[in-house]
Amino acid sequence: MSTRVNIYDLAVGGEGVGRLKDGRVIFVAGAAVNDELVVELTEEKNRYTRGEIIEVVSPGEGRRQPLCRHVQAGCGGCDWQHLSEEAQVDAKISTVKGALIKLGSIEPPEVGYVAGPESLRYRTTVRVGIENGRPAYRRSRSNQLVQVSDCPVAHPLMDDIFAQGFFGTANEVTIRVGARTGDRLVMGHPNTNDFELPEGVVQIGQNQTRRGANAHIVEEAAGVEWQISARSFFQSSPEGAEMLVALVAEWLTTHDAGEQVLVDLYSGVGLFSGTVGDWFQKVIAVESSTSAVNDAANNLGAHVAIHRMQVENWIPELADVVIADPPRAGLRAEGVDVVRKTQAPHVVLVSCDAGALGRDSALMNSAGYELDQVDVLDMFPQTSHVEVVSGWIRRD
Ligand SMILES: C[S@@+](CC[C@H](N)C(=O)[O-])C[C@H]1O[C@@H](n2cnc3c(N)ncnc32)[C@H](O)[C@@H]1O
């Protein structure tokens with residue numbers, strides 16, 4: 001069934017939000033605020049529905065022609081290609097503010113915005129599906145694939161891998177490059193059978209990593225050379241990583257946070273321990289991924305004690321500062337409880353999902369912390385993904 005709808009907001013996940021005549025909310029992918037649309041209902045629940053755009057009757061002021069030609073063919077890799085950069089910025093700030101108010105029950109300080117380094121060609125790690133041996137991204141909210149021979153948000157070092165690479169019978173591949181070292185790596189999921197890659201690109205199968213084999217790139221960021229293995233997390237670009245570190249460092253400096261003990265929760269390959277960690281006498285890093293812990297052991301100095309375990313299982317120690325950078329689900333009650341037990345007067349939370357930030361904020365507030373500063377760092381232009389750095393001070 002098709003129906004007409006006006007879009008009045010953008011939701012945390014990036015979809016447009018409207019209301020049907022019967023009062024139910026409708027979510028529409030690829031919509032802009034103030035769009036007047038004809039949509040086909042694709043999902044109907046009691047309280048909400050979902051629709052697909054059939055026609056843009058009148059475009060909202062933030063709508064633009066997508067920069068990427070693959071969007072027309074249905075590629076869902078970047079969900080905000082159809083929004084002007086101003087509209088993306090406004091939506092990111094208002095989504096974060098809305099999440100803090102609605103989910104966190106917090107009236108936030110002004111939400112700051114820090115532009116990322118580049119709006120295109122920035123991603124140094126991408127994970128793509130494979131169809132007939134060639135790279136393909138998923139359609140929005142679908143398992144269907146759209147083949148792509150280039151990707152405008154991927155770093156230029158990936159160009160010939162996208163254009164010429166053949167990926168055999170793999171279902172997916174992770175492509176990872178060191179923007180400042182030229183290193184290039186492809187991990188095939190589950191294997192690299194029949195891969196044909198440009199010269200110099202290291203390849204490894206996920207099945208090999210499960211049996212203990214390893215391959216890594218080296219990236220340079222914030223004056224440090226980072227070993228980053230195929231399975232380890234790293235930020236979207238070295239410039240983005242540097243800006244993130246700078247934002248965290250600035251807040252800690254402004255607040256004269258102590259210098260004895262830093263606890264780096266969800267520490268990955270050691271980005272925070274290996275940079276701001278240098279100011280502290282003792283650093284404790286907690287990370288569950290074996291691959292990231294092995295990288296961190298290589299990347300970090302002897303004053304960092306690395307604990308390979310889930311944050312929830314770590315026995316908290318007293319700290320001056322906690323930096324917590326959890327995955328998309330956020331800290332949740334278990335993570336906030338760990339933070340609380342460190343009794344750290346200063347906490348920096350790095351959130352990669354606005355909804356999780358909102359929920360964690362309510363928990364941090366109940367755990368005795370006051371939100372002091374919140375900034376969106378735009379590390380994922382052309383998409384609805386946000387990276388949010390918030391600084392928290394313990395109430396006495
Ligand atoms: C967003 S990344 C941040 C990594 C690092 N702070 C950085 O900036 O590069 C989140 C990290 O948390 C790790 N992780 C996920 N769940 C975890 C858990 N329950 N306990 C400990 N580490 C976890 C992941 O392996 C990943 O390295």
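Structure values in brief
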quantity	calculated
Relative contact order (%) - the chain, alpha-carbon pairs under 8 angstrom, separation at least six	14 percent
Label-point gap, in nm, between Met309 and Asn207 - each point 7 angstrom along Cα→Cβ	3.5 nm
Distant-in-sequence amide H partners of Thr181 (H built 1.01 Å from N, under 5 Å)	Glu220
Karplus-derived HN-Hα couplings along the stretch 357-367 (A = 6.51, B = -1.76, C = 1.60, θ = phi - 60°), whole Hz, x at Gly and Pro	4, x, 5, 5, 5, 4, 5, 5, 4, 5, 7
Charge dipole of the chain about the Cα centre (unit charges at C-beta), most positive-ward option of Gln227, Phe272, Val126	Val126
Sorted by Cβ density within 10 Å, fewest first, the residues Ile93, Ile54, Ile228, Ile323	Ile54, Ile93, Ile228, Ile323
Debye, to nearest 20: dipole size of the stretch 34-167, +1 on Lys, Arg Cβ, -1 on Asp, Glu Cβ	480 debye
Convex hull per residue volume in Å³, alpha carbons only, for the stretch 2-63	71 Å³
Charge dipole (the chain, unit charges on Cβ, about Cα centre) - positive-most of Ile7, Pro152, Ile323	Ile7
Magnitude of the charge dipole, the chain, Cβ model with Lys/Arg +1 and Asp/Glu -1, debye to 20	1260 debye
Pairwise centroid distance, computed over Cα atoms, of the stretch 324-341 with the stretch 164-205, Å	34 Å
Table column - 3J(HN,Hα) (Hz), the stretch 28-38, Karplus curve with 6.51, -1.76, 1.60, x for Gly and Pro	10, 6, x, 9, 10, 4, 6, 5, 10, 10, 9
Cut-off of 10 Å, at most 12 other beta carbons, DSSP loop: longest stretch of the chain lacking such GluC sites (Glu not before Pro)	200-396
Over the stretch 125-229: Kirkwood hydrodynamic radius from C-alpha pairwise inverse distances, Å	14.1 Å
Table column - 3J(HN,Hα) (Hz), the stretch 377-391, Karplus curve with 6.51, -1.76, 1.60, x for Gly and Pro	9, 7, 8, 10, x, 6, 10, 7, 5, 10, 10, 10, 9, 10, x
Other-chain or far-sequence residues with amide H under 5 Å of Asn34's (modelled H)	Ile7, Tyr8, Asp9
Of all DSSP beta bridges in the chain, antiparallel share, percent nearest 5	65 percent
Cα pair distances of the stretch 257-338 binned at 10 Å [whole percent]	20, 56, 24, 0
Three-way shape label, the chain, alpha-carbon gyration tensor, a/c 1.5	oblate
Three-way shape label, the stretch 1-152, alpha-carbon gyration tensor, a/c 1.5	oblate
Within the stretch 125-229: Cβ-based charge dipole about Cα centre, in debye rounded to nearest 20 (Lys, Arg +1; Asp, Glu -1)	540 debye
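Quick note: the coordinates plus some simple rules give every number you see, no bench work behind them. Worth saying up front: this structure is predicted, and the values here are computed from it rather than measured. Note: ideal-geometry Cβ built from the backbone for every residue, glycine included; neighbour counts use all protein chains shown.
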